[in-house]
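J.: I am attaching a structure below and will ask some questions about it afterwards.
The values are calculated or read from the model by the stated rules, or taken from the named source; none is laboratory data. Here the structure is a predicted model, which means the values were calculated and not measured. Every residue, glycine among them, receives a Cβ derived from its backbone with ideal geometry; neighbour counts consider all protein chains shown. The accessibility values were calculated without ligands, DNA or RNA, using every heavy atom of the protein model including side chains. Shrake-Rupley method; radii C 1.70, N 1.55, O 1.52, S 1.80 Å.
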Amino acid sequence: MKINKRNAEHYTWGDQCDGWHLVNQQDLSVIHERMPPNTSEVRHYHTKSRQFFFVLTGTATLEINGALENITPLEGVEVPPHVAHQMMNRSDEDVEFLVISQPTSKEDRVQI
């Protein structure tokens, strides 16, 4: 079955941010997320999950261990386990991106 934002399981998080579960398995998670302007997630790390953030539209800022990285459309950044990070939208337009986690990051998040 094909999956997209219209038929995927939807949830909201943070300050009016959206997520759609495209793949929701224990060994692999793929989430399409949308962040409105001037929003961010909580700084955290994962003990087991390796993540890959891939921007679809807009420009995201990803803080990794204190360094800021701007990610533009069709660019991605990998974050290994135990590395502190925080995704942000510091722009004046929505940012949409994929978060691919292996294994799933559910119940594997440590806030700092």
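J.: Can you pull out the residues in segment 90-103 that are in contact with a Gly (Cβ under 7 Å, 6 or more places away or on another chain) and of a type outside the set (Gly, Ala, Ser)? Explain how you work it out, then say what you get.
T.: Of all residues in segment 90-103, those in contact with a Gly (Cβ under 7 Å, 6 or more places away or on another chain) come to 91, 93-96.
Answer for segment 90-103, where residues must be in contact with a Gly (Cβ under 7 Å, 6 or more places away or on another chain) and of a type outside the set (Gly, Ala, Ser): Glu93, Asp94, Val95, Glu96.
J.: Sort out for me the strands (runs of 3 or more DSSP E) sitting completely within segment 38-112 that have 1 or more residues that are among the polar types (S, T, N, Q) and modelled with pLDDT of 95 or more.
T.: Numbers: elements: 44-46, 50-57, 60-64, 67-71, 76-79, 85-89, 95-102, 109-111.
Fully inside segment 38-112 and qualifying: 50-57, 60-64, 67-71, 85-89, 95-102.
J.: Further, regarding this structure: For residues that are among the aliphatic types (A, V, I, L, M) and part of a strand (DSSP E or B), scanning just segment 12-37, find the one that is surrounded by the most Cβ atoms within 10 Å (Cβ to Cβ). Steps first, answer last, please.
T.: At the first step, the residues of segment 12-37 found to be among the aliphatic types (A, V, I, L, M) are 22-23, 28, 30-31, 35.
Pick out the ones that are also part of a strand (DSSP E or B) and you get 22-23, 30-31, 35.
Working: Leu22: 18, Val23: 14, Val30: 20, Ile31: 22, Met35: 25.
Per the criteria, the residue is Met35.
J.: Do we have any residue at all in segment 49-56 that's on the phi > 0 side of the Ramachandran plot and either open to solvent by less than 40 Å² (accessible area, probe 1.4 Å) or out of contact with any helix residue (DSSP H, G or I) (no Cβ under 6 Å at 6 or more places or on another chain) (or both)?
T.: no
J.: Mind checking which residues of segment 57-78 are among the aliphatic types (A, V, I, L, M) and surrounded by 14 or more Cβ atoms within 10 Å (Cβ to Cβ)?
T.: Within segment 57-78, the subset among the aliphatic types (A, V, I, L, M) is 60, 62, 64, 67-68, 71, 74, 77.
Ala60, Leu62, Ile64, Ile71, Val77 - these are the residues of segment 57-78 that are among the aliphatic types (A, V, I, L, M) and surrounded by 14 or more Cβ atoms within 10 Å (Cβ to Cβ).
J.: Let me ask something else. Looking at segment 79-93, can you tell me whether even one residue there is among the basic types (Lys, Arg), touching a residue at least 60 places away in the same chain (Cβ under 8 Å) and surrounded by fewer than 19 Cβ atoms within 10 Å (Cβ to Cβ)?
T.: First, pick out the residues of segment 79-93 that are among the basic types (Lys, Arg): 90.
Okay, now just the ones that are also touching a residue at least 60 places away in the same chain (Cβ under 8 Å), so none.
For segment 79-93, residues among the basic types (Lys, Arg), touching a residue at least 60 places away in the same chain (Cβ under 8 Å) and surrounded by fewer than 19 Cβ atoms within 10 Å (Cβ to Cβ): absent.
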